[in-house]
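Visitor: Quick one: the structure is below, and I'll ask about it shortly.
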Amino acid sequence: MIRFENVTFAYERGKPVIQSVSFAIHRGETVGLIGANGAGKSTVMKILLGLAGPGAGAPGQYFDGKILVDGMEVTPANIARIRQKLGFVLQNSDNQMFMPTVLEDMLFGLLNSGMTRKEAEKKVDEILQSLGLMDLKYLYNHKISGGEKRMAAVATVLAMEPEVLLMDEPTSALDPYNRRVVIRAINNLPQTRIITSHDLDMIYDTCSRVILLTGGKVAADGPAEQILKDEELLMANRMELPLRFQ
Amino acid sequence: MSRTIDQSIHDLREMDELASKASPIHAICAAAKLLVTVAYIMIVVSYDKYNMSGLLFMVFYPAVLFAVSEVPVTTCLYKLRFVLPLVCAVGVLNPFLDRTPALTAGSFVVTTGMISMVTLMTKGVFCLMASFLLMATTRIEAVCSVLRKIHVPSFLVTLLLLTYRYAAVMAEEVGVMTNAYSLRAPGQKGIHYSAWGSFLGQLLLRSMDRAEELYSSMLLRGYRGEFYYTEERAWSAKDAVYAAGWILFFIAARGVNLTRLIGMLVTR
């Protein structure tokens, strides 16, 4: 589904943010992308989404290698079709939910995709019902709690029917109850999922596979069970065992 | 967060809530309301500076809208508290510049300067009230949708919409920064002028960061430079009657001095 082939990327030539990164993610997999601050997790997400690198068509950036999404190479010409396959949940839901109500936010992407309002509202109802969030439909974004907002942000992305869901720190700044709600919701989603987080317990609860990045390179790639229990590996890469294993 | 910033955020969001009420005025389509508001402002502005009695009748429009839309007048006056003094200051020099006596009440001489001052102030207040009522009874998305229909450039409309939407987020950032500053400058009132430069610089950087994230979020959900406003609705007969009714009323009120006419009928 997603393939990084020897990808190197730099905002300035000579200062690579990620170097020779290669991995493949198959349909239906749930992959945790972990690493210390500055390891390159966000950059991997950004170039995959075409917000930087070859898909962005931004001059001055250095890129080498190849990124494929469902067989399509990430290029400016393909990026609109690629983005239809990828849904991205931002870390800060306030930046994701820029319309006044949950309903309008969910309609934004659907109307952009050419649906009529009637069709779009039907889709919104379907998604909200499947996530058990119908109560939020007409609520103002600034009046819902952090957990509800995070779930609503997931709903806005799911409404676009992405094949792959990318989530940046989905449980950050959530209380334990809402964190649990989000984890349950993630586990019930049918899409291929890529999750970046420092919350290794959440990664353990949601991901079957983990890719560990360090200094822009892949330091380890394997089953979550194996990597998240390897204290030596984690410590060597400025990480720690998940709390449950400490 | 300081009370002033908190209050500003609340004020901004309160407009959204007012605009989402379900009164008969809220149900009118945005294009009709925008048309009536523009017509009202044009007619009000066109009154002669000494025609105070004629202008008075134009209070009928905001009065009816306040009553029917259930938007409290006090909220309007409160929200316009910073602008109203500026509007009122427009004609404040007229009584000194134009001292021609117009009428006398006992020993008190009312000059044409005084009349023109009051007329100008009234015009300003009426226009502000009409604009406020438009925004308090119409969602910003609906207003933007109409602006696009009349071919206002997309980037200007999007700028208006996002500025409106993100003014509260910006205010929150200011609040966070003000708190961080005041915690390290106890006993100091406000922000010292020596810190204004770095404060504004930081605010700009933070705004750019958030703007970039927001733009990414829009791009990823199919945004291609044009908002598809969710409030679009075609004109109905009710909207046409609303617009035509008010515009005819404004023209009639402008053509005939209704206040004087009523006065004559009462005193006859």
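No lab work stands behind these numbers, since they all come straight from the coordinates. Note that this is a predicted model, so its numbers are computed, not measured. We place every Cβ from the backbone using ideal geometry, glycine too, and count neighbours over all the protein chains shown.
Visitor: Let me check against my output: what whole-number percent is the relative contact order of chain A, with C-alpha pairs under 8 Å and at least 6 apart?
Guide: Relative contact order here is 25 percent.
Visitor: Charges on Cβ only, +1 for Lys and Arg, -1 for Asp and Glu, centred on the Cα centroid of chain A; of A:M235, A:I79, A:Y177, which one is farthest towards the dipole's positive end?
Guide: Most positive-ward Cα: A:I79.
Visitor: Just for the protein assembly as shown, what percent of DSSP beta bridges are antiparallel, to the closest 5?
Guide: Around 60 percent antiparallel, to the nearest 5.
Visitor: Would you grab the residues whose amide H sits under 5 Å from the one on A:S22? Only those 5+ places off in sequence or on another chain, please, with H modelled 1.01 Å from N.
Guide: Amide H neighbours of A:S22, under 5 Å, 5+ apart: A:N6, A:V7, A:V218.
Visitor: Still on this structure, I have one more. Using only C-alpha positions, report the orientation-averaged shadow area of the convex hull of chain A, nm², one decimal.
Guide: 13.1 nm²
Visitor: Can you list, largest first and rounded to whole Å, the semi-axes you get for chain B by taking the square root of 5 times each eigenvalue of its Cα gyration tensor?
Guide: 40, 29, 15
Visitor: When Cβ neighbours within 10 Å are restricted to other protein chains, what is their mean count per residue of peptide A:99-112?
Guide: 5
Visitor: So how many Å³ per residue does the convex hull of the Cα atoms of the protein assembly as shown work out to?
Guide: That works out to 205 Å³ per residue.
Visitor: At 7 Å along Cα-to-Cβ for each site, give me the label-to-label distance between A:K15 and B:V59 in nm.
Guide: Simple spin-label model gives 6.5 nm for this pair.
Visitor: Note the angle between two axes, namely the Cα long axis of helix A:146-158 and the longest principal axis of the Cα atoms of chain A, as a number of degrees from 0 to 90, rounded to the nearest 10.
Guide: Once rounded, the angle reads 90 degrees.
Visitor: Would you mind checking which residues have amide H under 5 Å from A:V17's amide H? H placed 1.01 Å from N; only 5 or more apart, or other chain.
Guide: Long-range HN contacts for A:V17: A:F9, A:A10, A:Y11.
Visitor: Please work out the C-alpha center-to-center distance from the range A:1-19 to the range A:223-239 and express it in whole Å.
Guide: 23 Å
Visitor: Non-local amide H neighbours of A:V210 (under 5 Å, H modeled in plane, Pro and chain starts lacking H): which ones?
Guide: Here the answer is A:G32, A:G222, A:A224, since their amide H atoms fall under 5 Å of that of A:V210.
Visitor: Out of every Cα-Cα pair in the range A:127-228, what percent are more than 16 Å apart?
Guide: Distances greater than 16 Å cover 59 percent of the Cα pairs.
Visitor: Alpha carbons only, please: Rg and Dmax for the range A:68-211, in angstrom.
Guide: 15.0, 43
Visitor: So if we plug the beta-carbon distance of B:V92 and B:D11 into 1/(1 + (r/R0)^6) with R0 = 22 Å, what FRET efficiency do we get, rounded to 0.05?
Guide: Working from the Cβ atoms, E equals 0.25.
Visitor: May I ask you to derive the FRET efficiency for A:R81 and B:T104 from their Cβ-Cβ distance with R0 = 51 Å, giving the value to the nearest 0.05?
Guide: E between A:R81 and B:T104, to the nearest 0.05, is 0.05.
Visitor: Nearest 10 degrees is fine. How inclined is helix A:117-131 to the longest principal axis of chain A, computing both from alpha carbons?
Guide: 60 degrees
Visitor: A further question on this structure: Scanning chain B for helices, which whole DSSP H stretches are 20 Å or more long along the axis (Cα) and average 0.5 or more by Kyte-Doolittle?
Guide: Flagged H segments are B:30-46, B:112-137, B:154-183, B:237-255.
Visitor: If you project the alpha carbons of the range B:153-230 onto the principal axes, what extent comes out on each, in Å, largest first?
Guide: 49, 22, 21
Visitor: Note down the magnitude of the dipole of the protein assembly as shown about its Cα centre, charges +1 on Lys and Arg C-beta and -1 on Asp and Glu C-beta and zero elsewhere, to the nearest 20 debye.
Guide: 1560 debye
Visitor: Okay, moving on. To test your reading of the geometry: what angle, between 0 and 90 degrees and rounded to tens, separates the Cα axis of helix A:176-188 from the longest principal axis of chain A?
Guide: 90 degrees
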